[in-house]
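Structure first, commentary second.
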Amino acid sequence: DAGVIQSPRHEVTEMGQEVTLRCKPISGHDYLFWYRQTMMRGLELLIYFNNNVPIDDSGMPEDRFSAKMPNASFSTLKIQPSEPRDSAVYFCASTSSTSSSYEQYFGPGTRLTVT
Amino acid sequence: AQSVTQLGSHVSVSEGALVLLRCNYSSSVPPYLFWYVQYPNQGLQLLLKYTSAATLVKGINGFEAEFKKSETSFHLTKPSAHMSDAAEYFCAVTSDTGRRALTFGSGTRLQVQP
(Lines give C-alpha, C1' and ligand atoms only; values in the text may rest on other atoms or scores of the structure.)
Protein backbone atom coordinates (compact mmCIF):
# COMPACT_ATOMS: atom_id res chain seq x y z
CA ASP A 1 0.00 0.00 0.00
CA ALA A 2 1.25 3.48 -0.78
CA GLY A 3 1.92 5.63 2.22
CA VAL A 4 1.61 9.38 2.46
CA ILE A 5 3.24 10.94 -0.57
CA GLN A 6 4.87 14.35 -0.51
CA SER A 7 6.44 16.39 -3.27
CA PRO A 8 8.92 17.75 -3.85
CA ARG A 9 11.33 16.06 -1.46
CA HIS A 10 13.69 19.02 -1.61
CA GLU A 11 13.02 22.62 -2.55
CA VAL A 12 15.52 25.43 -2.74
CA THR A 13 14.18 28.87 -3.48
CA GLU A 14 15.08 32.51 -3.09
CA MET A 15 13.54 34.84 -0.59
CA GLY A 16 10.35 36.38 -1.89
CA GLN A 17 9.41 33.50 -4.15
CA GLU A 18 6.23 31.47 -3.83
CA VAL A 19 6.61 27.89 -2.66
CA THR A 20 4.01 25.16 -2.95
CA LEU A 21 4.31 21.88 -1.12
CA ARG A 22 2.09 18.95 -2.01
CA CYS A 23 0.68 16.00 -0.15
CA LYS A 24 -1.36 12.94 -1.04
CA PRO A 25 -2.76 11.19 2.04
CA ILE A 26 -3.30 7.48 2.40
CA SER A 27 -6.39 6.44 0.50
CA GLY A 28 -9.43 6.35 2.76
CA HIS A 29 -7.94 8.61 5.41
CA ASP A 30 -10.15 11.60 6.21
CA TYR A 31 -7.76 13.57 8.42
CA LEU A 32 -4.72 15.36 7.06
CA PHE A 33 -2.10 17.24 9.07
CA TRP A 34 0.70 19.61 8.12
CA TYR A 35 3.72 19.88 10.44
CA ARG A 36 6.91 21.88 10.38
CA GLN A 37 10.14 20.64 11.94
CA THR A 38 13.08 22.87 12.85
CA MET A 39 16.00 22.49 15.19
CA MET A 40 14.86 25.42 17.28
CA ARG A 41 11.14 24.71 17.57
CA GLY A 42 10.92 20.97 17.05
CA LEU A 43 7.81 19.50 15.48
CA GLU A 44 4.96 22.00 15.18
CA LEU A 45 1.42 21.38 13.98
CA LEU A 46 0.52 24.00 11.39
CA ILE A 47 -2.99 23.03 10.33
CA TYR A 48 -5.21 20.03 9.97
CA PHE A 49 -8.20 19.06 7.90
CA ASN A 50 -11.10 16.69 8.36
CA ASN A 51 -13.06 15.70 5.27
CA ASN A 52 -11.23 18.43 3.35
CA VAL A 53 -12.33 21.15 5.79
CA PRO A 54 -9.73 23.01 7.87
CA ILE A 55 -10.37 22.31 11.54
CA ASP A 56 -7.55 24.12 13.28
CA ASP A 57 -5.14 26.54 11.64
CA SER A 58 -3.92 28.17 14.84
CA GLY A 59 -0.40 26.90 14.18
CA MET A 60 -0.04 28.67 10.85
CA PRO A 61 2.74 31.20 11.50
CA GLU A 62 1.30 34.13 9.59
CA ASP A 63 -0.67 35.17 6.57
CA ARG A 64 2.15 34.22 4.25
CA PHE A 65 1.16 30.61 4.86
CA SER A 66 -1.96 29.07 3.39
CA ALA A 67 -3.20 25.51 2.99
CA LYS A 68 -5.91 23.95 0.92
CA MET A 69 -7.45 20.56 0.47
CA PRO A 70 -9.53 20.63 -2.70
CA ASN A 71 -10.33 16.92 -2.52
CA ALA A 72 -9.77 13.88 -0.35
CA SER A 73 -6.57 12.88 -2.09
CA PHE A 74 -4.65 16.13 -2.35
CA SER A 75 -3.52 19.02 -0.20
CA THR A 76 -1.16 21.94 -0.68
CA LEU A 77 0.75 24.19 1.67
CA LYS A 78 1.76 27.47 0.11
CA ILE A 79 4.18 30.09 1.34
CA GLN A 80 4.07 33.47 -0.37
CA PRO A 81 6.40 35.27 -0.12
CA SER A 82 8.96 32.90 1.34
CA GLU A 83 11.58 34.04 3.86
CA PRO A 84 14.82 32.41 5.08
CA ARG A 85 13.22 31.67 8.45
CA ASP A 86 10.75 29.38 6.66
CA SER A 87 13.58 26.94 5.99
CA ALA A 88 12.52 23.67 7.63
CA VAL A 89 11.29 20.19 6.92
CA TYR A 90 7.56 20.12 6.28
CA PHE A 91 5.69 16.90 6.98
CA CYS A 92 2.26 15.78 5.98
CA ALA A 93 0.45 13.07 7.95
CA SER A 94 -2.91 11.39 7.71
CA THR A 95 -5.22 9.25 9.77
CA SER A 96 -8.69 7.80 9.62
CA SER A 97 -11.66 8.60 11.83
CA THR A 98 -12.37 4.87 11.89
CA SER A 99 -9.08 4.29 13.70
CA SER A 100 -9.76 3.98 17.41
CA SER A 101 -6.18 4.78 18.30
CA TYR A 102 -5.63 8.12 16.55
CA GLU A 103 -2.24 7.11 15.17
CA GLN A 104 -0.94 9.26 12.36
CA TYR A 105 1.02 8.14 9.32
CA PHE A 106 3.72 10.48 8.14
CA GLY A 107 5.12 11.22 4.72
CA PRO A 108 8.86 11.50 4.05
CA GLY A 109 8.80 15.28 4.29
CA THR A 110 9.84 18.19 2.09
CA ARG A 111 13.08 19.90 3.01
CA LEU A 112 12.69 23.60 2.18
CA THR A 113 15.65 25.91 1.96
CA VAL A 114 15.01 29.61 1.41
CA THR A 115 18.11 31.61 0.55
CA ALA B 1 -4.22 21.40 28.00
CA GLN B 2 -2.25 18.33 27.16
CA SER B 3 1.55 18.39 26.99
CA VAL B 4 4.51 16.05 26.70
CA THR B 5 7.93 16.40 28.30
CA GLN B 6 10.85 14.31 27.11
CA LEU B 7 13.72 14.40 29.57
CA GLY B 8 17.08 14.49 27.84
CA SER B 9 17.45 15.81 24.33
CA HIS B 10 20.41 13.46 23.78
CA VAL B 11 20.99 9.98 25.17
CA SER B 12 24.07 7.91 24.45
CA VAL B 13 24.37 4.20 25.19
CA SER B 14 26.76 1.44 24.29
CA GLU B 15 25.73 -1.28 21.91
CA GLY B 16 24.08 -4.03 23.96
CA ALA B 17 23.17 -1.72 26.82
CA LEU B 18 19.70 -0.90 28.08
CA VAL B 19 17.90 1.93 26.33
CA LEU B 20 15.65 4.16 28.45
CA LEU B 21 13.99 7.22 26.96
CA ARG B 22 11.77 9.20 29.27
CA CYS B 23 8.39 10.73 28.56
CA ASN B 24 6.00 12.41 30.95
CA TYR B 25 2.63 13.74 29.92
CA SER B 26 -0.14 15.88 31.25
CA SER B 27 -3.72 15.46 30.22
CA SER B 28 -7.04 16.17 31.82
CA VAL B 29 -8.57 13.03 30.32
CA PRO B 30 -7.25 9.48 29.90
CA PRO B 31 -4.79 9.81 27.08
CA TYR B 32 -3.64 7.76 24.17
CA LEU B 33 0.16 7.81 23.99
CA PHE B 34 2.58 7.12 21.17
CA TRP B 35 6.25 6.73 20.48
CA TYR B 36 7.50 7.57 17.02
CA VAL B 37 11.00 7.11 15.60
CA GLN B 38 12.64 9.29 12.97
CA TYR B 39 15.69 8.05 11.10
CA PRO B 40 17.88 10.61 9.32
CA ASN B 41 16.15 12.29 6.39
CA GLN B 42 12.98 10.30 6.86
CA GLY B 43 9.49 10.85 8.21
CA LEU B 44 8.20 9.69 11.56
CA GLN B 45 7.36 6.01 11.96
CA LEU B 46 5.11 4.63 14.69
CA LEU B 47 7.00 2.47 17.19
CA LEU B 48 4.17 1.69 19.57
CA LYS B 49 0.99 3.05 21.07
CA TYR B 50 -0.99 2.92 24.29
CA THR B 51 -4.76 3.03 23.92
CA SER B 52 -6.02 2.11 27.42
CA ALA B 53 -5.66 -1.63 27.06
CA ALA B 54 -2.56 -3.31 28.49
CA THR B 55 -0.29 -0.89 30.32
CA LEU B 56 2.83 -2.61 28.99
CA VAL B 57 2.95 -2.08 25.26
CA LYS B 58 5.28 -3.86 22.88
CA GLY B 59 6.30 -2.27 19.63
CA ILE B 60 8.52 -2.87 16.68
CA ASN B 61 12.27 -3.51 16.79
CA GLY B 62 12.17 -4.85 20.35
CA PHE B 63 10.99 -1.65 22.00
CA GLU B 64 8.37 -1.50 24.70
CA ALA B 65 6.81 1.14 26.92
CA GLU B 66 4.88 1.07 30.15
CA PHE B 67 2.01 3.41 30.92
CA LYS B 68 2.11 4.48 34.56
CA LYS B 69 -0.85 6.65 35.43
CA SER B 70 0.38 7.41 38.95
CA GLU B 71 3.61 8.80 37.53
CA THR B 72 2.04 10.23 34.33
CA SER B 73 4.84 8.53 32.47
CA PHE B 74 5.26 6.48 29.33
CA HIS B 75 8.96 5.66 29.17
CA LEU B 76 10.40 3.76 26.22
CA THR B 77 12.81 0.89 26.82
CA LYS B 78 14.79 -1.71 24.93
CA PRO B 79 16.88 -4.31 26.75
CA SER B 80 19.80 -4.30 24.34
CA ALA B 81 20.67 -1.43 22.04
CA HIS B 82 21.68 -2.03 18.45
CA MET B 83 23.59 0.34 16.22
CA SER B 84 20.54 0.58 13.98
CA ASP B 85 18.53 2.09 16.88
CA ALA B 86 20.37 5.39 16.48
CA ALA B 87 17.64 7.87 15.60
CA GLU B 88 15.42 10.54 17.10
CA TYR B 89 12.48 9.43 19.19
CA PHE B 90 9.31 11.39 19.81
CA CYS B 91 6.63 10.86 22.42
CA ALA B 92 3.13 12.12 21.60
CA VAL B 93 -0.21 12.43 23.39
CA THR B 94 -3.74 12.86 22.16
CA SER B 95 -5.63 16.06 22.65
CA ASP B 96 -7.73 16.32 25.79
CA THR B 97 -10.49 17.90 23.74
CA GLY B 98 -11.12 14.67 21.89
CA ARG B 99 -9.73 16.01 18.66
CA ARG B 100 -7.45 13.97 16.44
CA ALA B 101 -4.42 16.23 16.68
CA LEU B 102 -1.41 14.92 18.59
CA THR B 103 0.94 16.93 20.77
CA PHE B 104 4.57 15.89 20.31
CA GLY B 105 7.46 16.15 22.70
CA SER B 106 10.68 17.85 21.73
CA GLY B 107 12.39 14.59 20.85
CA THR B 108 15.35 12.61 22.17
CA ARG B 109 18.28 11.79 19.95
CA LEU B 110 19.65 8.34 20.73
CA GLN B 111 23.28 7.60 19.96
CA VAL B 112 24.59 4.06 20.11
CA GLN B 113 28.30 3.67 20.65
CA PRO B 114 30.10 0.57 19.40
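The values are calculated or read from the model by the stated rules, or taken from the named source; none is laboratory data. As the structure is a computational prediction, the values presented were derived from the model and not from experiment. Because the Cβ atoms are built from the backbone with ideal geometry, glycine has one as well, and the counts that use them run over all protein chains shown. Ligands, DNA and RNA are stripped out before the accessible areas are found, and what is left, the full protein with its side chains, is counted by its heavy atoms. Shrake-Rupley method; radii C 1.70, N 1.55, O 1.52, S 1.80 Å.
Can you tell me the FRET efficiency between A:Ser66 and A:Met39 if r is taken as the Cβ-Cβ distance and R0 is 25 Å, rounded to the nearest 0.05?
Values: r = 25 Å, r/R0 = 0.99.
The pair A:Ser66/A:Met39 has a calculated efficiency of 0.50.
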DSSP-assigned coil residues among GluC sites (Glu not before Pro) in segment B:36-94, each with at most 12 further Cβ atoms within 10 Å: B:Glu71
Accessible-area composition of the protein assembly as shown, carbon plus sulfur, in percent [1.4 Å probe]: 50
DSSP-assigned coil residues among trypsin sites (Lys or Arg not before Pro) in segment A:14-115, each with at most 11 further Cβ atoms within 10 Å: A:Arg41
Neighbourhood net charge (11 Å Cβ-Cβ; Lys/Arg +1, Asp/Glu -1) for A:Ser75: +4
Interface burial for B against A (accessible surface, 1.4 Å probe, total of both chains, Å², rounded to 100): 1800
Approximate spin-label separation A:Arg111-B:Ser9, in nm, with each point projected 7 Å along Cα-to-Cβ: 2.0
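Which links in B:Lys49/B:Lys69; A:Lys24/B:Lys78; A:Lys24/A:Lys78 stretch past 22 Å when you go from one Cα to the other? Please report the intermediate quantities before stating the final value.
Details: B:Lys49/B:Lys69 15 Å; A:Lys24/B:Lys78 34 Å; A:Lys24/A:Lys78 15 Å.
Table pairs above 22 Å Cα-Cα are A:Lys24/B:Lys78.
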Debye intensity ratio I(q)/I(0), log10, chain A, q values 0.13, 0.21, 0.24 Å⁻¹ (C-alpha model): -0.45, -1.15, -1.46
Length-normalised contact order for chain A - Cα pairs under 8 Å, 6+ apart - percent: 37
Under 5 Å, built H, 5+ apart or other chain: amide partners of B:Gln111: B:Val11, B:Ser12, B:Val13
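Within 10 Å of each Cβ of A:103-112, how many other protein chain Cβ atoms are there on average?
4
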Residues A:Gln80 and A:Asn52, FRET efficiency given R0 of 35 Å [Cβ-Cβ distance, rounded to 0.05]: 0.95
Those residues of segment B:85-114 for which accessible area with every protein chain present is at least 40 Å² below the isolated value (1.4 Å probe): B:Arg99, B:Arg100, B:Ala101, B:Leu102, B:Phe104
Prolate/oblate/rounded label for segment B:62-103 (Cα gyration tensor, a/c 1.5): oblate
